1. Mind listing whichever residues of the stretch 166-199 are in a loop (DSSP other than H, G, I, E, B), surrounded by 14 or more Cβ atoms within 10 Å (Cβ to Cβ) and within 16 Å of the ligand (Cβ to nearest atom)?
2. In the stretch 36-81, which residues are more than 10 Å from the ligand (Cβ to nearest atom), assigned to a loop (DSSP other than H, G, I, E, B) and out of contact with any helix residue (DSSP H, G or I) (no Cβ under 7 Å at 6 or more places or on another chain)?
3. Criterion first (within 12 Å of the ligand (Cβ to nearest atom), assigned to a loop (DSSP other than H, G, I, E, B) and touching a strand residue (DSSP E or B) at 6+ places or on another chain (Cβ under 7 Å)) does residue 123 satisfy it?
4. Output the residues belonging to the stretch 171-221 that are closer than 17 Å to residue 159 by Cα, under 14 Å from the mean Cα position of the chain (by Cα) and touching a residue at least 24 places away in the same chain (Cβ under 8 Å).
5. Applying the selection to the stretch 87-119, what residues are within 8 Å of the ligand (Cβ to nearest atom) and surrounded by 18 or more Cβ atoms within 10 Å (Cβ to Cβ)?
6. Considering 8, 32, 101, which residue is under 23 Å from residue 210 (Cα atoms) and at pLDDT 95 or above?
7. Let me confirm something: among 217, 206, which residue is in contact with a strand residue (DSSP E or B) (Cβ under 8 Å, 6 or more places away or on another chain), more than 17 Å from residue 11 (Cα to Cα) and surrounded by 15 or more Cβ atoms within 10 Å (Cβ to Cβ)?
8. Do we have any residue at all in the stretch 146-165 that's within 11 Å of the ligand (Cβ to nearest atom), under 19 Å from residue 58 (Cα atoms) and in contact with a strand residue (DSSP E or B) (Cβ under 6 Å, 6 or more places away or on another chain)?
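The values are calculated or read from the model by the stated rules, or taken from the named source; none is laboratory data. The model shown is predicted, which means the values in this text are computed figures rather than measured ones. Because the Cβ atoms are built from the backbone with ideal geometry, glycine has one as well, and the counts that use them run over all protein chains shown.
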Ligand SMILES: CC(C)(COP(=O)(O)OP(=O)(O)OC[C@H]1O[C@@H](n2cnc3c(N)ncnc32)[C@H](O)[C@@H]1OP(=O)(O)O)[C@@H](O)C(=O)NCCC(=O)NCCS
């Protein structure tokens with residue numbers, strides 16, 4: 001599969017926000033879309049609220065991928081990368097759509113991207129008292145300089161921007177948090193943000209986007225494509241199902 005779509009024009013990205021706290025009656029209905037493995041995973045959550053949120057995000061993922069492929073959502077099959085666990089869709093000869101998902105609190109973000117090295121990450125922005133210590137542990141000097149004085153009113157927002165960009169990047173590599181977070185630097189001072197250094201590959205291969213899908217949330221897109229096309233952001237609702 002091509003990793004970089006350099007000359008094929010701006011790479012389109014479709015995103016859906018998925019509100020996860022929905023009616024228990026709907027949760028019960030859509031649970032039938034999940035596989036046995038997914039239901040077992042749902043049942044392993046200790047708290048009913050987390051179990052239901054998992055059901056909702058997986059059902060939404062199946063509906064979105066079902067509509068992108070024409071395969072009934074309950075028939076979709078996934079395979080996980082054996083080394084790092086990234087899930088891929090097993091389907092059609094034409095090549096499965098590349099997807100990425102992320103969730104924070106009661107909101108999920110699902111993205112369909114143009115190349116395998118594509119991912120999204122979302123976080124709810126909350127006060128973290130020791131965010132400067134977290135940043136010092138995981139971020140590079142370049143990123144720490146961009147976040148600036150932790151006492152500054154906007155420092156927490158800058159911390160979160162860095163965080164989602166870095167998570168989206170390691171997810172796009174497929175390695176997740178196995179990839180050392182201090183082995184690459186993102187620059188949040190440019191618009192769009194960019195990768196300025198990485199221990200693996202060429203930083204100029206990468207494109208990033210930052211969006212605020214809802215007030216109080218921040219999300220990043222990382223994509224190894226020549227250029228990022230317009231980002232089509234929609235809100236997913238099970239009420240609008242055909
Ligand atoms: C991937 C990872 C960064 C997710 O971070 P998070 O903020 O907790 O979770 P998010 O909600 O943003 O993302 C979760 C989604 O990322 C995807 N994902 C899982 N592993 C992934 C990976 N290695 N690369 C990219 N995406 C991955 C899945 O779609 C998952 O959705 P699901 O929970 O519905 O299955 C983190 O869990 C991680 O690093 N996992 C890999 C751990 C690992 O290396 N294990 C090796 C032994 S198996």
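1. Hits for the stretch 166-199 are 173, 174, 175, 179.
2. The answer is 44, 46, 47, 70, 71.
3. Judged against the criteria, residue 123 is not a match.
4. Correct list: 208, 209, 210, 211, 217, 218, 219, 220, 221.
5. If the condition is that a residue be within 8 Å of the ligand (Cβ to nearest atom) and surrounded by 18 or more Cβ atoms within 10 Å (Cβ to Cβ), then 99, 100, 101, 102, 103, 104, 108, 119 are the ones that fit.
6. 101
7. Only one candidate qualifies: 217.
8. No, the stretch 146-165 contains no residue that is within 11 Å of the ligand (Cβ to nearest atom), under 19 Å from residue 58 (Cα atoms) and in contact with a strand residue (DSSP E or B) (Cβ under 6 Å, 6 or more places away or on another chain).
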